[in-house]
Each structure stands twice: as C-alpha cells, then as structure tokens.
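Structure first, then comments.
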Amino acid sequence: MKRILITGAAGFLGSHLCDRFIKEGYYVFGMDNLITGDLKNIEHLFKLDTFEFYHHDVTKFVHVPGQLHYILHFASPASPIDYLKIPIQTLKVGALGTHNLLGLAKEKGARILIASTSEVYGDPLVHPQTEEYYGNVNTIGPRGVYDEAKRFQESITMAYHRFHGLETRIVRIFNTYGPRMRLNDGRVIPAFMGQALRGEDLTVFGDGAQTRSFCYVDDQIEGIYRLLLSDYSLPINIGNPHEITIKEFAEEIIKLTGTDQKIIYKPLPKDDPLQRQPDITKAKEILGWEPKVGREEGMKKTYDYFRTLSKEDLEKTEHRDFTTRNKR
Ligand code: UDP
C-alpha cells in the first residue's frame, strides 16, 4: 500500500486531497496545526484504518514513522485576510516548513509535490500567465509574505531536485473554489455567499473591473493528482481559464442565490492583482488535463454547501482591514 503525507490536511484543498488519495487506495497521514484548517473537514476520515492525523506544525522538525512514498505540501494560509493576520507564520510555513518537508522527502526517498500559487506572478504584466513569466511582485506589500514565501518555496524545491536529485513536482494553483472553503477567510466566493445568505449587500472591491478565473475543486484535485503521478518537475499552472470581472461575478451570484441584494463598492486592497488567467497549454499537453466543471454547475454545488452551514457559523464573519488601501 502506498503511503502519503498530506500537510494542511484539515484545510480546503488538503481535505479534498485526503479524500481523493483514500479513494485511490493510499494510506494517508494528514498533518495540520489547525491555525486556519478545521477538523470538521476531515472528521469523516477518523474512523478509517487507512487514515492517521498528526496535529503538528511543519515549521518544526517533521517526523512520520516508517515508509513514505509521497508528500503533498499544502500547509499554508492562503487568503489575503490570513496573510494580514498571521504574516510571520505565512512566511515560515512556506520557507522553513518546505525545507523540513524536503528534508523528510530526501530521508524517505519520497516524491514531493508542493503547492505553489498564481501569486508568484504578482500583479501580472503578461496575460494570460504562462509558466515562463517571472512575475511582478511587491516584496514588501501585504501580499509579499505569501508571494515571496511561495517563490522561495519554488526555488528551494528546484534546488533539492537539482542538487539532491529529489523527485519534485510544483503546482501553481489559480483561484479554486468549492465545498469546505472557510466562510470567514475573506476570499471573494465565501464573502459573497455569506453576504447573500445573511441578506447583506455584496461588497465589490474597487470598481470590480479586476478579473479572476475560478476553478472548481474537483478539477483542481484531478490536475494535482495527475501532476504527482507524472514525470514533470517544472512548475505547472492548474486553474480554469474562463476569466470574469468581479463585478460580473457578483451579478452572477445575485442571480444564483435569487436574492435581491445590491452591490456596494469598497476600496481595493493594496496590490490586488488587476487580472489573472492561467495559460493551461502545458497542463493540457503534459497531463492531458483541462477543467470539466463550468462555473454555473460549480457555483451551485458551492452554494448548496454554504446553505448547510448553521446560522451561528454564518454570523462568524470577519471583514478585511482597509487600512492598506490602493489608490489605483
Ligand atoms: N473581492 C471583492 N469583494 C470581497 C472579497 C474580494 O470584490 O468581499 C475581490 C478582491 O479584491 C479580488 C477578488 O475579489 O480582486 C478575488 O479576491 P480573493 O481574496 O478571493 O482572492 P485573490 O485572487 O485576490 O487572492
């Protein structure tokens, strides 16, 4: 039986990865320090004898007993509200955490896949973003702690690959959504869903002309799964290339939820990328992957999930700090 360690196991993507690898017949070690993760996302796995949970912070020495074939490093805060609240932990998990996991992979002879991000492209000057684009990142802005940690993570991963011959994989994840997103993480989809369900107006930041491309979680997991099992060691974009402005997206949500909320405008957070769309030519050619779930279907499933949350959960929202606003 193949044994895999998944860090960030109680998070949004981590928990879906645990489900997928259990389904594929793997023995899964889930690891999380539960700063942003939630045990609710994996509590259905605790009864299985092919799942073990370690409550551990990967910035400290990581130990897993016995053989390990694969490591997926998905531990990291991943929303702008989190980087503002826990900037040092964000830097540490991308840098020190990745170093520990690369060391563990080397020790065990395991293949390691690390979760990188479209944020390595910053506020991109090339559109859509290909893997060859080096990015336009503000190192000292509020997003810098995440962006630079992830850029360092890619560098150290390539160094272990080239210097130690470690089998490494790097996925650059573009905006992904679906069930188990944290309601209060400040990201646009949970924010709009929560607002619609509470009967509040939808907050669009800036004039809403900035674009994103949203990938449904099942598609994202399939891409990651294929990448891990491939023999490709350079970074690869996984995301949905269908781009939409945030204003149009807010209008879609109002239509989907059948509510009569209005859109209200708030200041654009600092360094908020103006446009983002993955070029997925490489994923198509190398992994034979492309997204299958359209936004209408994916958003409906996501809304169905948010509707199951209790009234109490719905009230536990946090709002972004607008003190670092952009003049754009
Ligand atoms: N956004 C918004 N209203 C919100 C939350 C986010 O208009 O209540 C915008 C945000 O400014 C950004 C986009 O939605 O342009 C996506 O934000 P998110 O935090 O989901 O992810 P990002 O892609 O910026 O990391």
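Readers should treat all values here as calculations from the given coordinates under stated rules, not as data from a laboratory. Being a predicted model, the structure only gives us computed values, none of them experimental. So basically every Cβ, Gly included, is an ideal-geometry build from the backbone, and we count neighbours across all protein chains shown.
Is it the case that region 248-259 has a residue that's within 11 Å of the ligand (Cβ to nearest atom) and loosely packed, with under 15 Cβ neighbours inside 10 Å? Walk me through how you get there before you give the answer.
So the first thing to find is which residues in region 248-259 are within 11 Å of the ligand (Cβ to nearest atom), and the list is 249-250, 253.
In the following step, the residues that additionally are loosely packed, with under 15 Cβ neighbours inside 10 Å were identified as none.
No, there is no match, as no residue in region 248-259 is within 11 Å of the ligand (Cβ to nearest atom) and loosely packed, with under 15 Cβ neighbours inside 10 Å.
Return the residue satisfying two criteria in turn: it lies in region 121-172 and is of a type in the set (S, T, N, Q) and farther than 15 Å from ASN100 by Cα, and of such residues it is surrounded by the most Cβ atoms within 10 Å (Cβ to Cβ).
GLN129
Among the numbered conditions (1) buried (at least 20 other Cβ atoms within 10 Å of the Cβ); (2) out of contact with any helix residue (DSSP H, G or I) (no Cβ under 7 Å at 6 or more places or on another chain); (3) more than 25 Å from PRO278 (Cβ to Cβ); (4) not small (Gly, Ala, Ser), tell me where GLU107 comes up short.
Just one mismatch for GLU107, condition (1).
Among the residues of region 207-247 satisfying the criterion of being polar (S, T, N, Q) and surrounded by fewer than 19 Cβ atoms within 10 Å (Cβ to Cβ), which is farthest from LEU125 (Cα to Cα)?
So the first thing to find is which residues in region 207-247 are polar (S, T, N, Q), and the list is 210-211, 213, 220, 230, 233, 237, 240, 245.
Pick out the ones that are also surrounded by fewer than 19 Cβ atoms within 10 Å (Cβ to Cβ) and you get 211, 230, 233, 245.
Numbers: THR211: 13, SER230: 30, SER233: 25, THR245: 17 Å.
Per the stated criteria, the residue is SER230.
Restricting the search to region 190-218, which residues are within 12 Å of the ligand (Cβ to nearest atom) and within 16 Å of ASN41 (Cβ to Cβ)?
If we filter region 190-218 for residues that are within 12 Å of the ligand (Cβ to nearest atom), which is where we start, we get 190-196, 200-215.
Within region 190-218, just PRO190 meets the criteria.
What number of residues within region 105-121 are out of contact with any strand residue (DSSP E or B) (no Cβ under 7 Å at 6 or more places or on another chain) and more than 14 Å from the ligand (Cβ to nearest atom)?
Taking region 105-121 as the starting set, the residues that turn out to be out of contact with any strand residue (DSSP E or B) (no Cβ under 7 Å at 6 or more places or on another chain) are 106-109, 119.
This time we only want the ones that are more than 14 Å from the ligand (Cβ to nearest atom), so: 106-109.
Total meeting the criteria: 4.
Can you name every residue in region 90-104 that is under 16 Å from the mean Cα position of the chain (by Cα), away from the ligand (no atom under 16 Å from the Cβ) and farther than 12 Å from ILE156 by Cβ? Working first, answer last.
Taking region 90-104 and keeping what is under 16 Å from the mean Cα position of the chain (by Cα), we get 90-91, 93-94, 98.
Narrowing the set further to residues that are away from the ligand (no atom under 16 Å from the Cβ) leaves 91, 93, 98.
Result: LEU91, VAL93.
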